[in-house]
1. With +1 on each Lys and Arg Cβ and -1 on each Asp and Glu Cβ, and nothing else charged, work out how big the dipole of the chain is about its Cα centre, in Debye to the nearest 20.
2. What's the extension gain from Val460 to Ala130 if we count 0.36 nm per residue and subtract their Cα-Cα distance?
3. So how much slack lies between Gln338 and Asp194, counting 0.36 nm per residue of separation and subtracting their Cα-Cα distance, in nm?
4. If I stretch the segment between Asp182 and Asp453 completely, what's the gain in nm (0.36 nm per residue apart, minus their alpha carbon distance), one decimal?
5. Angle check, please: helix 331-355 long axis (alpha carbons) against the longest principal axis of the chain (alpha carbons), in degrees 0 to 90, nearest 10.
6. Based only on other Cβ atoms within 10 Å, what is the fewest-to-most ordering of Leu52, Leu204?
7. Rounded to whole Hz and in sequence order, give me ³J(HN,Hα) for the range 161-167 from the Karplus expression 6.51 cos²θ - 1.76 cosθ + 1.60, θ = phi - 60°, writing x for Gly and Pro.
8. Name the residues whose placed amide hydrogens come within less than 5 Å of the amide hydrogen of Arg7, ignoring near sequence neighbours (fewer than 5 apart) on the same chain.
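We did not get these values from a lab; they are worked out from the coordinates using the rules stated. What you are looking at is a predicted structure, and each value in this text was computed from that prediction instead of being measured. As a convention, Cβ positions derive from the backbone with ideal geometry for all residues, glycine included, and neighbour counts pool all protein chains shown.
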Amino acid sequence: MTKPDLRTEHDPLGPVRVPADAYWGANTARAIANFPVTGRPINTLPGLVHALAAVKQACAAANAEMGLLKPVLADAIVRACIDVRHGRLDEHFVVDVVQGGAGTSTNMNANEVIANRALELLGCPRGEAAVLSPNDHVNLSQSTNDTYPTAIRVGLYRECDKLLDSLAHLARAFILKAEAFDDVIKMGRTQLQDAVPMTLGQELRACGVTISAARERLTEARTLLCEVNLGGTAIGTGINTITGYGELACQHLAQIAGVPVRPATDLIEATQDVGALVQLSSILKGTAAKLSKICNDLRLLSSGPDAGFADIRLPAVQAGSSIMPGKVNPVLPELVNQIAFLIIGRDVTITLAAEAGQLQLNPFEPVIALSLFDSVSELATGCRLLADRCVSGIDSDADRLAARVQGATALVTALTPLLGYKAATTIARTSHATGQPIRQVLATGPIPAAVIDELIRDPVRLTKPSPSLTAAHASQPM
């Protein structure tokens, strides 16, 4: 006799037929029908799924320790949670990431998968809720309203590890490249116009410092995720728990997940507030904006190769045109630009979702979670790609850059303390009008050639404060 393709499970609305080989049950089946929105099941956010399993495992351990759950059931639930945390049951987390109900469908998907896997470990058929129930046992002492937000925070904390590593990797790539170009002189620019000399090393080092600073801000924001509302159950009052359960569950969760979670000081406030998630989004947006600006600069500096800035050469990673032979585009900076656009847009979504919460619960955490997990993941990947396939291969034509500096009208800035702003401006305009280099224009003036040579002979000296330059100025009559 062949096994039936379907089995019958029940929820408060009645019987539901589900695939016989599915670990999920009736609640999940209804959610699949109700929320066919993005086409992305929650298993596309494995960090969230595995964090939710860690929460369930911690709750089972706390319930068993407090005598609320029979050891044999607790052991089966814990073993099932470990399977989920190791990714062995990812394919059974099937509800859409965007859903109504404040994450209840995700929580019940987890409860059902864990319950049915635990039943299997006990030698029972799936769906035998009288033996081990998704609600009465897996969800014991819990509500969606404390387990789901806690899982989001735990999952994001761990995902941020990858982003922090990627940011450090990208910052190192810029610093290493800066060291290689510390002696390459070039013109700095403000508002796309020539400014004063700098080294290419200084320019690239500033990028590394910017990224390192963003990483520090992310580290600070991540710590806010450690305060959770586990044990608050429905609205933060802790109904259906016993004294000490929340603290004990957090202790187990910290050990299981490797995240230093702690109970929030006020669980009611923590259940309705998503401020830590908004803060994280804000830091991600700021980081994305900084990276996008850096990528804009890389695209500008590499423009050309003949008719653009051509200060630097980016590594050629693919052909740039289907019609123009030899064209190579800055595709990695363009990629990171687009990642930044997505993150900035998601920050608006998160802000609106945070503002729209009412009273004791914010029901829009599913879209907040999707936005944050995607932003963290994409930004981490983008940083790695930019470092390894772009920044590490940057090259330059030092001779061409130096020649530009030697012929730049902007060198007159170095003479301003000696001549005064008005006279220096006249020299700059004469140079522009006649096409003569600054040195040639100055040759007909009152400044001795030796002083001119000392001031502008070596533009590298103009990239930092110079005591000898000050002395030269002081020695001249004004």
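1. Numbers: 41 positive and 46 negative charges, 257 e Å.
Approximately 1240 debye in magnitude.
2. Working: separation 330, 0.36 × 330 = 118.80 nm, distance 8.04 nm.
The Val460-Ala130 span can extend by a further 110.8 nm.
3. Numbers: separation 144, 0.36 × 144 = 51.84 nm, distance 2.85 nm.
Result for the pair: 49.0 nm of gain on full extension.
4. Details: separation 271, 0.36 × 271 = 97.56 nm, distance 2.26 nm.
Gain in length upon complete extension: 95.3 nm.
5. 50 degrees
6. Numbers: Leu52 31, Leu204 28.
Fewest-to-most ranking of Leu52, Leu204: Leu204, Leu52.
7. 4, 5, 5, 4, 5, 5, 5
8. Val18, Ala20
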